[in-house]
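Student: Next up is a structure, given as structure tokens.
What follows draws every value from the coordinates through simple rules; no lab data is involved. Please read these numbers as outputs of a predicted model, since none were measured by experiment. Ideal geometry is used to build each Cβ from the backbone, glycine not excepted, and the neighbour counts take in all protein chains shown.
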Amino acid sequence: MSTFAPSLINADPARPGIALVSISRLESLCETIAPRYAGRARFFSIREGYGAAVTALQAHLDAGSVDVVLAAGSNGAYLRDHLSVPVVMVKVNGFDVLSAITRATTLWPSGPIGLVLHETISHELADLSGWLSVGMKQRGYRSVDEVRTAVSNLAAEGCRVIIGPGMACDLAQQAGLESVFLYSLGAVEEAFERSVELARVSRQKESKRVRLNTIVAHLRDGVAAFDDAGQLEAVNPAMLDLLGLERDRDLPAQLARTIGPWLRKALQGDGALEERVEQIGERSVIVNCVPIVEQGARSGFVVTAQDALVAQRIDRSLRTSQRPKHLVARHRLDDLIGESAALERVRRLARAGAAHDATVLLTGESGTGKELVAQGIHNASPRRGNPFVAFNCAALPEGLIESELFGHEEGAFTGARRGGKPGLFEMAHTGTIFLDEIGEMPPALQSRLLRVLQEREVMKLGSGRATPIDVRVIAATHRDLHGLVDEGAFRADLYFRLNLLQIELPPLRERRADVAPLARHLLSRSALQYGLSEAAIGRALKFLAPLFERYAWPGNVRELENLLARAAIYLGDAASDQRDDPDGSIQPDLLALFPEFSRMGHAGVSARLTETSADAATSGAGRVAPSRDDVLKALERCGGNRAAASRALGIGRTTLWRLLKAEGVR
């Protein structure tokens, strides 16, 4: 039974709790000292001993209200063996014993003295008794029965005074003997001090343990902790779920059977097991086993486990959220401008190829739009939204190509990036990699590329472990790969691996009907950049019309874009605002600015150029160019400033220069 002294109760739950267990005279000393520590701890008085005290304390232990137990003698030793919380013993020192002997000999100077001590007798005291001229007999005890036996034997041996714990004093008085209580106020106060400090530290540790257990219990990853002997210390529900185990009495044995091999592997290695994939039934688990080191010595292991499927989802999410902005396909198949049969065939084949994950080989002359088609295939495929990585195989030296495509570990070569670097194949994981100019790839790297395409895994430079990848490959070339294979400049097996779905892009000269609408689309897209009005776009298109009809376009769409940019600069609205050169010279002739006209090689080009140039001098509304008199009058009004005169006439400065030249004005 447990009772509480009102003066010992402190209801503040934030303070540590100390149970004072005493069954005799120690209680009064505890009640005397406890109020001094009321501000630092809560005290519970338990007036029971041994098994009854354990029963009385259990409710408080279950509620977490008791952090430390204070007791003495065999009662304290019993509680220490049967309780899960620390037990502080009231220790008897030499001064306490000498003080008790002095009181006994002073009050009862004649006759031997009986000394009852817990666990063992003191040989030093036996030697000292001769110097003190005191007849002293000692007895040790470990239980209540042994206390009774000790007191009975000492009485039979003629001892009139018994020095010992409260129970020994009570038994002595019952036998008609005198007694001296062994424990002093100082000894009990020292025990209180140790109890309060230990309770404070214990409360802090328990708070940290509960906090840590709460955090671990809510982790999605499985966590289990073991001591250095392999005994289970803690495990969270996620680990049990991953391993398919139930929390029952046999749990430690079940965990030992499952996790034991992982611990043995860690012990056989360097003490750690990192990112190892283990199979648990039908589930793949990523396991880490890390040693716990305290004060330089290993004290146990912590094992973490993660479902491989969860890791894959996290990996996909990270790759998507952290993907660089340049790894995005901007174009779609609808961006292919033109209605020719050749271009429609490209669209049809591209859409059919986009629906499958097969490798695509794009062929065609330079500038025909192979990368635009590659991006369109990616955006029309189930991989849209995932990375699109483009790489020009002719852009870098052989050594750098290997590092760029496959990545490298730290220290793989001189100048390697610190921490290593993922290759483009890894960056394109779950997406598409576009290998432009594949025909220029060095022969030494063709075999590595072939292995990547076959095995779907890459190995970084300096690494001994391959990384699986999920990548769709689109290759492009302007060269005849079949001819290169015949010449021995390109691997036949790589060619056949790439040439699964082949799409040939027609040159611009073979779809001439698409040139004019394509040019208008490109100029309209660049209108803001070059400050083009609709009238300026019309003038440029009319001026370039002969090229649309007869020019061979060796540079294809890329050449057309460059030509249109030049036309926007020299024929656009902004051209009229340009000033004359500092030396007063005029701009070169348009024929020199557009040598493409000379390259057409057809009779009458110069005549058509003159006609087209004159027509281009009109505004988009069909207004007739000003006469020579109009130009001369405008120049006179503007003080000879040709830029101001052209603005006044509403024509470009180039047109003004052409009219003056036609009239012989220099």
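Student: Pull up the cross-link candidates among the lysines for LYS265, meaning alpha carbon to alpha carbon under 27 Å and not fewer than 8 places away within one chain.
Tutor: Within the straight-line limit of under 27 Å, LYS265 reaches these lysines: LYS460.
Student: Moving to a separate point now. Under 15 Å from the Cβ of PRO261, count the other residues' Cβ atoms, weight Lys and Arg +1, Asp and Glu -1, and hand me the total.
Tutor: +3
Student: Something else about it: Under 5 Å between amide H atoms, partner at least 5 residues away or on a different chain: which partners does VAL458 have, H built in plane at 1.01 Å?
Tutor: THR467, ILE469
Student: To make sure I understand the rule: partners must be lysines, Cα under 23 Å from the Cα of LYS370, and not fewer than 8 residues away in the same chain. Which ones qualify?
Tutor: LYS325
Student: Still on this structure, please answer the following. Give, as a single signed number, the net charge of other residues whose beta carbon lies under 12 Å from the beta carbon of ARG599, with Lys and Arg counted +1 and Asp and Glu -1. The partial results should precede the final answer.
Tutor: Details: positive: ARG550; negative: GLU559, GLU596.
That sum, taken over residues with Cβ under 12 Å, equals -1.
Student: Cα gyration tensor of region 158-236, axes a ≥ b ≥ c as square roots of the eigenvalues: rounded (a/c below 1.5), prolate (a/b > b/c) or oblate? Present the calculation step by step, with values, prior to reporting the outcome.
Tutor: On the way: a/c = 5.29, a/b = 3.11, b/c = 1.70.
Verdict is prolate for region 158-236.
Student: Given a Förster distance of 56 angstrom, what is the FRET efficiency for ALA229 paired with ARG345, based on the Cβ-Cβ distance and rounded to 0.05?
Tutor: Values: r = 74 Å, r/R0 = 1.32.
Between ALA229 and ARG345 the formula returns 0.15.
Student: When a/c is below 1.5 the answer is rounded, else prolate if a/b is larger than b/c, else oblate, so apply that to region 219-313 with a ≥ b ≥ c taken from the square roots of the Cα gyration tensor eigenvalues.
Tutor: Working: a/c = 1.77, a/b = 1.27, b/c = 1.39.
In terms of gyration-tensor shape, oblate.
Student: Could you pull out every residue, at least 5 positions away or on a different chain, whose amide H is within less than 5 Å of the one on ILE651? Hs are placed 1.01 Å off N in the peptide plane, and Pro or chain starts have none.
Tutor: Those lying under 5 Å, H to H, from ILE651: there are none.
Student: Tell me, what is the FRET efficiency for ASP81 and ARG25 to the nearest 0.05, using R0 = 22 angstrom and their Cβ-Cβ distance as r? Before the final figure, lay out each step's value.
Tutor: Working: r = 24 Å, r/R0 = 1.08.
FRET efficiency, ASP81 to ARG25: 0.40.
Student: Non-local amide H neighbours of ILE46 (under 5 Å, H modeled in plane, Pro and chain starts lacking H): which ones?
Tutor: LEU20, VAL21, SER22
Student: Please list, in order, the residues from region 436-461 whose amide nitrogen is less than 12 Å from a point placed 7 Å along the Cα→Cβ vector of GLU487.
Tutor: Residues 439-440 qualify, since their backbone N sits under 12 Å from the label point.
Student: May I pose another question? Using a basic spin-label model with each label point 7 Å from the Cα along Cα→Cβ, how many nm lie between GLN58 and GLN174?
Tutor: Between GLN58 and GLN174, the label points sit 2.7 nm apart.
Student: With a/c under 1.5 counting as rounded, go ahead and sort region 423-466 into rounded, prolate or oblate using the C-alpha gyration tensor (a ≥ b ≥ c being the square roots of the eigenvalues; past the cut-off, prolate if a/b is larger than b/c, else oblate). Before the final figure, lay out the partial values.
Tutor: On the way: a/c = 1.84, a/b = 1.18, b/c = 1.56.
Oblate, because a/c is 1.5 or more while a/b does not exceed b/c.
Student: Ordered by residue, what ³J(HN,Hα) values in Hz, to whole numbers, does region 27-43 give under the Karplus form 6.51 cos²θ - 1.76 cosθ + 1.60, where θ = phi - 60° and Gly and Pro are x?
Tutor: Whole-Hz 3J(HN,Hα) from phi for region 27-43: 4, 5, 5, 5, 5, 6, 8, 3, x, 5, 10, 5, x, 10, 7, 9, 10.
Student: Could you tell me the largest-minus-smallest coordinate of the C-alpha atoms of region 333-506 on each of the three principal axes, in descending order and whole angstroms?
Tutor: 54, 40, 25
Student: Taking the Cα-to-Cβ direction at SER447 and at HIS521 and moving 7 Å from each Cα, how far apart do the two end points lie in nm?
Tutor: The two pseudo-label positions are separated by 4.5 nm.
Student: Determine ³J(HN,Hα), in whole Hz, for all residues of region 205-222 in sequence, where each value follows from phi through the Karplus function 6.51 cos²θ - 1.76 cosθ + 1.60 and θ = phi - 60°; x replaces Gly and Pro.
Tutor: 5, 5, 4, 5, 5, 5, 4, 5, 5, 5, 5, 5, 5, 9, 6, 6, 7, x
Student: Follow-up question, since we're still on this one. Which order do the peptides 47-58, 290-301, 380-391 come out in when sorted by mean C-beta neighbours inside 10 angstrom, highest first? Please report the intermediate quantities before stating the final value.
Tutor: Details: 47-58: 17.6, 290-301: 12.4, 380-391: 19.9.
Per-residue mean Cβ counts within 10 Å order the peptides as 380-391, 47-58, 290-301.
Student: If you place +1 on the Cβ of every Lys and Arg, -1 on the Cβ of every Asp and Glu, and leave all else neutral, what size is the dipole of region 164-217 about its Cα centre, to the nearest 20 Debye?
Tutor: Values: 7 positive and 7 negative charges, 148 e Å.
It works out to roughly 700 debye.
Student: 7 Å from Cα along Cα→Cβ at both LEU593 and GLN529: what's the point-to-point distance in nm?
Tutor: 1.8 nm
Student: With a sphere of radius 13 Å drawn around the Cβ of ILE377, what net charge do the other residues whose Cβ falls strictly inside it have (Lys, Arg +1; Asp, Glu -1)? All intermediate terms of the calculation are to be shown ahead of the outcome.
Tutor: Working: positive: ARG332, ARG347, ARG348, ARG351, LYS370, ARG383, ARG384, ARG472; negative: ASP334, ASP335, ASP357, GLU371.
My count for the surroundings of ILE377 gives +4.
Student: So, R0 is 30 Å and r is the distance between the beta-carbons of SER152 and ARG103; what FRET efficiency does that work out to, to 0.05? Numbers along the way, then the final one.
Tutor: Working: r = 23 Å, r/R0 = 0.77.
FRET efficiency, SER152 to ARG103: 0.85.
Student: Could you order the peptides 77-85, 556-564, 433-441 from most to least packed, using the average number of other C-beta atoms within 10 Å per residue?
Tutor: Values: 77-85: 16.2, 556-564: 18.8, 433-441: 21.9.
Averaged packing, sorted descending, gives the order 433-441, 556-564, 77-85.
Student: I need the phi-derived Karplus couplings for region 101-112: 6.51 cos²θ - 1.76 cosθ + 1.60, θ = phi - 60°, integer Hz, Gly and Pro marked x.
Tutor: Listing the rounded values in order: 4, 5, 5, 5, 6, 6, 7, 9, x, 9, x, x Hz.
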